[in-house]
1. Can you name the residue in the range 403-417 that is out of contact with any strand residue (DSSP E or B) (no Cβ under 9 Å at 6 or more places or on another chain) and not in a helix (DSSP H, G or I) and is also farthest from residue 193 (Cα to Cα) among such residues?
2. Quick check, is residue 243 free of Cβ contacts under 8 Å to residues at least 24 places away in the same chain, on the phi < 0 side of the Ramachandran plot and in contact with a strand residue (DSSP E or B) (Cβ under 9 Å, 6 or more places away or on another chain)?
3. Filtering the range 107-123 down to residues that are under 15 Å from residue 155 (Cβ atoms) and assigned to a loop (DSSP other than H, G, I, E, B), which residue is modelled with the highest pLDDT?
4. Any chance you could count how many residues in the range 341-365 are out of contact with any helix residue (DSSP H, G or I) (no Cβ under 7 Å at 6 or more places or on another chain) and within 17 Å of residue 192 (Cβ to Cβ)?
5. Please determine, by comparing only the residues of the range 348-370 that are surrounded by fewer than 20 Cβ atoms within 10 Å (Cβ to Cβ) and touching a residue at least 60 places away in the same chain (Cβ under 8 Å), which one is nearest to residue 415 (Cα to Cα).
6. State all residues of the range 128-153 that are surrounded by fewer than 17 Cβ atoms within 10 Å (Cβ to Cβ) and closer than 29 Å to residue 213 by Cα; if no residue qualifies, say none.
7. Do we find that residue 223 is more than 21 Å from the chain's Cα centre (by Cα) and closer than 20 Å to residue 276 by Cα in this structure?
């Protein structure tokens, strides 16, 4: 009876008082009063035989559930959990140390899961409903959330939470995690200070945004930084930061503001740096042109499996824009604009590493030339654990003299071939 009673309370709360769940600053006393009123109404209408002790317990359980994150509250607080994947109310997977396992936690039903969705959306300006059945949001702590609801999600509401890792803030944290070595770290920090244009590449979950956030922390505090994202995830500590976020279309299908719209507007804001959360479409050409026209030190993310695939993806994005532009001109733009591609990968044992630091070194026969400066070589896999080493290829960056001209000195010895 208690379980059925809770289900009915959730149903009525979502139907009659869902606004309190969408409130950024939820008042738990107000929530308790609303729940108490709903409980008493159900008990009266159905003539339920329930003790005062059970009523107080139901109220207490519901306030704890709706005031927090319900069944996944402990997972959200567990620093060892990096990702939570909810596939409907009865299947919750968690990622620890790069490994995904099915947990023994369940939601009572779809209604309880939908209450969590309202809670997750509370501090955002986004919604999810029949007219807009999927959404990406960022929580206040920087965690990223994707939500997709039925009928698109056939087995019930799906929620994917990629938790913000508070223990990764500076470059030394990445070194401790063996995502790169000291030479690579010194080189990347020098590139940031010398205002090189850098693309961060990798598959979903490879650690691109984390690395971008860490490196962007080394941008001088007196620079004006404009960040442009679909979902505002970056939280920079510099003082002069302007954060821009796209806007989805409204119920009438109007009012959408895209990455490209924000990027074009940002060029009029006198940015010292432009950071693009992700390049997905036609804004690729705008970004390349901006880099070529003096907006140095730009950082951007692209989903790709290798530095070469970054070039292919940029080609495709620009060609599908419908603009009358040839592949030869696209290659010239890429070669002139981008200095460096940082390729990341999550290996089979769950660890995340920078596997290539690759320079763009002009054109050869009309094609972009890519050269690895550092890479990661896997030597063996023992008991599921990947072993390898970071290697310098012996290539000295073609922009090394430019770094010196911009006042950034870096010993050439770090490029000595291993």
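1. Going through the range 403-417, the residues out of contact with any strand residue (DSSP E or B) (no Cβ under 9 Å at 6 or more places or on another chain) turn out to be 403-413.
From what is left, the residues that are not in a helix (DSSP H, G or I) are 406-411.
Working: 406: 9, 407: 9, 408: 7, 409: 10, 410: 11, 411: 15 Å.
Among residues in the range 403-417 that are out of contact with any strand residue (DSSP E or B) (no Cβ under 9 Å at 6 or more places or on another chain) and not in a helix (DSSP H, G or I), the one farthest from residue 193 (Cα to Cα) is 411.
2. Working: free of Cβ contacts under 8 Å to residues at least 24 places away in the same chain: yes; on the phi < 0 side of the Ramachandran plot: yes; in contact with a strand residue (DSSP E or B) (Cβ under 9 Å, 6 or more places away or on another chain): yes.
Spelling it out, residue 243 is indeed free of Cβ contacts under 8 Å to residues at least 24 places away in the same chain, on the phi < 0 side of the Ramachandran plot and in contact with a strand residue (DSSP E or B) (Cβ under 9 Å, 6 or more places away or on another chain).
3. 107
4. We begin by selecting, within the range 341-365, every residue out of contact with any helix residue (DSSP H, G or I) (no Cβ under 7 Å at 6 or more places or on another chain); these are 345-353, 355, 359, 361, 364-365.
Still in the running and within 17 Å of residue 192 (Cβ to Cβ): 359.
The total comes to 1.
5. Looking at the filtered set, the residue picked out is 370.
6. Passing the criteria: 134, 140, 141, 146, 148.
7. Numbers: more than 21 Å from the chain's Cα centre (by Cα): yes; closer than 20 Å to residue 276 by Cα: yes.
Here the answer is yes, as residue 223 does meet what is asked.
For (1) on the phi > 0 side of the Ramachandran plot; (2) part of a helix (DSSP H, G or I); (3) modelled with pLDDT under 95; (4) crowded, with 17+ Cβ neighbours inside 10 Å, each residue gets a yes or a no:
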{"position": "187", "(1), (2), (3), (4)": "no, yes, no, yes"}
{"position": "192", "(1), (2), (3), (4)": "no, yes, no, yes"}
{"position": "199", "(1), (2), (3), (4)": "no, no, no, yes"}
{"position": "206", "(1), (2), (3), (4)": "no, no, yes, yes"}
{"position": "209", "(1), (2), (3), (4)": "no, yes, yes, yes"}
{"position": "213", "(1), (2), (3), (4)": "no, yes, yes, yes"}
{"position": "222", "(1), (2), (3), (4)": "no, no, yes, no"}
{"position": "226", "(1), (2), (3), (4)": "no, no, yes, yes"}
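The values are calculated or read from the model by the stated rules, or taken from the named source; none is laboratory data. Quantities reported herein were computed from a predicted structural model and do not represent experimental measurements. No Cβ is skipped: glycine too gets one built from the backbone with ideal geometry, and neighbour counts run over all protein chains shown.
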